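Reading through the structure tokens given below for one structure.
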Amino acid sequence: MSVYTQLQSHDFESILSQYNLGQLVAFEGIAAGIENTNYKLTLKKAGQTQYYFLTIFEQLKKSELDFFMPLLSHLQHNDCLLAAPIESIHGDLTFTIKHKDAAIFYCLAGDTLDTPNLKQCQVVGQQLARIHLAAQSFKQSHDNSRGFYWLQRQVNSGQLNLSQDDQQLMHNELSYLQNCWQLWGENTELPKGFIHADLFPDNSLFVDDELSGIIDFYAGGSDYWVYDLAVCIMAWCQNDKHQIDDKFKGALLKGYQTERKLSEAETKTLPDFLRLAVLRFWVSRVLVQNQQQQASLTTFKDPNHMKALLLSLSDL
């Protein structure tokens, strides 16, 4: 975790000359970024102090930003709670600094959550449904880069450095889900659209029980809505034994269905989509663990939590 691209005062002043946001008072690099460089900016305009985030995209391609930046603006204009990029005086949503693409965002109030409560689960479920519905009218599309076929390639690669038992467990689960995937593709009552695909508690900001915004949409793409709902249940409704808590799951589903009712097919297939979500995040956490260990780092999320959850959901 680091500020990968170092900027100085004159860099910020050059950037801000393309915006009508005020004068630079202070800037601070944010060490919590994993994939991007983030700075918090303090600006003053007409005697008022305002706070903004400047994000330098270290990995996303320009073609990806040309999808995500307009999408965020579209979602915000349709009353979704998030921070959209701010337009420059020329109407641009991004700019280039040190040969990298970047954008400025309003600074949302609140903090990420460590232990969500029932009310917060309900609120985030409602917001997820609003995002799904609002994105329907956005004309561009973008593939889910970590969808089923990505998962299939990773599990079959033989390069996850797993024990023989864990490798067999993953293969057995993938085999089951391959049959499910074929059946889902034949079911017209499983709607698709844009999904966030990574809506964990640390990708939301709350002030007490009030949601101020959802962040980090860059893992998103087109996929089954019920899969996104499964990811959210997996992320928000686990108990300390790495099992799904039915009360929290019920609260999240109640919130979602205040905005959009699930089809009968979605309700029926949700348990298997939940297994797909858990397998996907088990694999991705194994990949991160392997990368971090090679770099002698230890700040990764334990993949075994996802393994334990998968075992609680399946008959394997």
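Check each of the trypsin sites (Lys or Arg not before Pro) in segment 43-75 and keep only those in coil by DSSP with at most 15 other C-beta atoms within 10 angstrom; list them in order.
Details: sites: K44, K45, K61, K62; in loops: K61.
Those that pass, being in a loop and sparsely packed, are K61.
Pairs exceeding a 18 Å alpha-carbon distance, out of K62/K98; K61/K98; K247/K307; K139/K192: K247/K307.
With an a/c value of 1.5 or above and a/b not larger than b/c for the gyration tensor axes a ≥ b ≥ c computed over the alpha-carbon atoms, segment 1-83 is described as oblate. Enclosing the Cα atoms of the chain in their convex hull gives a volume equal to 145 cubic angstrom per residue.
Around the amide H of S204, modelled in the peptide plane, lie the amide H atoms of L113, I215, all under 5 Å away and 5 or more residues distant in sequence or on another chain.
The stretch between D209 and T115, if pulled fully straight at 0.36 nm per residue, gains 32.6 nm over its current Cα-Cα span.
Overall, the anisotropy analysis places segment 34-177 in the prolate class: the square-rooted eigenvalues a ≥ b ≥ c of its C-alpha gyration tensor yield a/c not less than 1.5, with a/b exceeding b/c.
Apply the a/c threshold of 1.5 to the C-alpha gyration tensor of segment 238-279 and tell me whether it is rounded, prolate or oblate. Write out the running numbers ahead of the final one.
Details: a/c = 2.78, a/b = 1.30, b/c = 2.14.
Since a/c reaches 1.5 but b/c is at least a/b, the shape of segment 238-279 is classed as oblate.
Sequence-ordered 3J(HN,Hα) estimates for segment 87-103 from the Karplus curve with 6.51, -1.76 and 1.60 and θ = phi - 60° stand at 6, 6, 5, 9, x, 8, 9, 10, 9, 10, 9, 6, 6, 10, 7, 8, 8 Hz, glycine and proline given as x. Cβ-Cβ distance of K44 and S137, R₀ of 41 Å, FRET efficiency by 1/(1 + (r/R0)^6): the value works out to about 0.65.
None of the figures in this text is laboratory data; all of them are computed from the coordinates on show. This is a predicted model, so every value here is computed, not measured. Quick reminder, even Gly has a Cβ in these numbers, built from the backbone with ideal geometry, and neighbours come from all protein chains shown.
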